[in-house]
Amino acid sequence: MTIETRYHGPEGSGNGGYVAGLLAGHVSSDAVTVTLRRPPPLETGLRITADGDRGIGARLWDGERLVAEALAGAIVVPPVPAVSHAEALEAAEKYRAAERLPFPGCFVCGPDREPGDGLRLEPGPAGEGLVAAPWTPGVVPEREIMWAVLDCPGGLSVGQADPPVVLGTMTAQITEPPDAGEPCVVMGLTRSREGRKVHAATAAYGTDGRLLGRAEQIWIEVDPGRFGA
């Protein structure tokens with residue numbers, strides 16, 4: 001497996017949700033937990049190994065270095081409730097007005113990306129520890145794109161953190177992808193903080209309010225210099 005540069009999060013590193021979604025595709029479970037052990041390298045041949053023959057786990061390797069591991073998981077808490085599409089549009093305006101964003105070139109939430117190149121998701125504040133973003137996919141998204149969409153709103157629910165946070169662990173469950181051209185809402189919520197760790201949750205909803213997917217996450221404060229920022 002090779003992560004193309006297009007799908008980076010921080011400079012020089014694959015977007016955590018996108019990479020996690022690719023690896024999750026090798027696990028036979030509706031809900032999958034992926035732990036990122038190091039920044040996923042770009043344009044590098046990576047190796048995937050399976051845990052046994054039952055599809056309950058998989059690992060991603062850069063040579064002999066473990067990049068990420070995935071296991072069958074579960075989510076037992078209720079999903080983050082949705083706001084209206086109009087409220088999500090209003091939240092996006094606040095995101096665009098932000099003076100500082102941690103990774104402006106990110107495939108998912110980077111405003112520096114050209115339309116059609118990045119997703120340009122704009123999760124802006126919609127309440128205490130809560131962000132919302134409108135999202136209208138141009139095509140029916142693949143699993144890894146759904147995981148990517150469910151990634152950044154969790155980290156951005158912390159606010160424009162300094163130092164920034166990066167994804168450490170993500171448990172996601174994709175219910176169904178949206179239709180092409182369907183106006184959706186993506187939510188992010190900070191659940192708690194514990195030292196350098198932030199526990200967050202995300203959810204995506206379709207036009208009719210149906211749950212498209214959800215995730216529970218652990219984010220970790222990092223030195224931005226680790227990613228060449």
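Candidates 76, 131: the one that is within 30 Å of residue 57 (Cα to Cα) and not hydroxyl-bearing (Ser, Thr, Tyr) is 76. Here residue 17 fits the description: outside any loop (DSSP other than H, G, I, E, B), under 28 Å from residue 186 (Cα atoms) and not aromatic (Phe, Trp, Tyr).
Residues are listed down the side, and each one gets a yes or a no for (1) open to solvent by less than 10 Å² (accessible area, probe 1.4 Å); (2) out of contact with any Asp or Glu (no Cβ under 9 Å at 6 or more places or on another chain):
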position	(1), (2)
1	no, yes
18	no, no
21	yes, no
30	no, yes
49	no, yes
61	no, yes
72	no, no
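Restricting attention to segment 170-195, the residues that are open to solvent by less than 30 Å² (accessible area, probe 1.4 Å) and of a type in the set (S, T, N, Q) add up to 1. Total residues in segment 178-195 satisfying the condition of being under 18 Å from residue 153 (Cα atoms) and at pLDDT below 95: the figure is 1. Taking residue 99, is it open to solvent by 10 Å² or more (accessible area, probe 1.4 Å), at pLDDT 95 or above and on the phi < 0 side of the Ramachandran plot? Answer is no for this residue. With respect to the conditions (1) open to solvent by 50 Å² or more (accessible area, probe 1.4 Å); (2) of a type outside the set (Gly, Ala, Ser); (3) in contact with a His (Cβ under 7 Å, 6 or more places away or on another chain), residue 90 falls short on a single one, namely (3). Residue count for segment 112-141, restricted to those that are under 17 Å from residue 14 (Cα atoms) and not aliphatic (A, V, I, L, M): 5.
If the condition is being in contact with a helix residue (DSSP H, G or I) (Cβ under 7 Å, 6 or more places away or on another chain) and open to solvent by 20 Å² or more (accessible area, probe 1.4 Å), then segment 152-166 contributes 163, 166. Quick check on residue 144: is it open to solvent by 20 Å² or more (accessible area, probe 1.4 Å) and closer than 21 Å to residue 68 by Cβ? Yes: the conditions hold for residue 144. Can you pull out the residues in segment 107-141 that are of a type in the set (A, V, I, L, M) and surrounded by 17 or more Cβ atoms within 10 Å (Cβ to Cβ)? Residues satisfying the conditions are 108, 119, 121, 126, 130, 131, 132, 133.
Scanning segment 81-104 for any residue that is closer than 16 Å to residue 18 by Cα and touching a residue at least 40 places away in the same chain (Cβ under 8 Å) turns up at least one such residue.
When you go through 22, 42 one by one, which is the residue that is under 18 Å from the mean Cα position of the chain (by Cα) and in a loop (DSSP other than H, G, I, E, B)? Of 22, 42, the one residue that is under 18 Å from the mean Cα position of the chain (by Cα) and in a loop (DSSP other than H, G, I, E, B) is 42.
The values are calculated or read from the model by the stated rules, or taken from the named source; none is laboratory data. These numbers were taken from a predicted model, which means no experiment stands behind them. Don't worry about glycine lacking a Cβ; one is built from the backbone with ideal geometry, like all the others, and counts go over all protein chains shown. Ligands, DNA and RNA are excluded from the accessible area calculation, which covers all protein heavy atoms including side chains. Shrake-Rupley method; radii C 1.70, N 1.55, O 1.52, S 1.80 Å.
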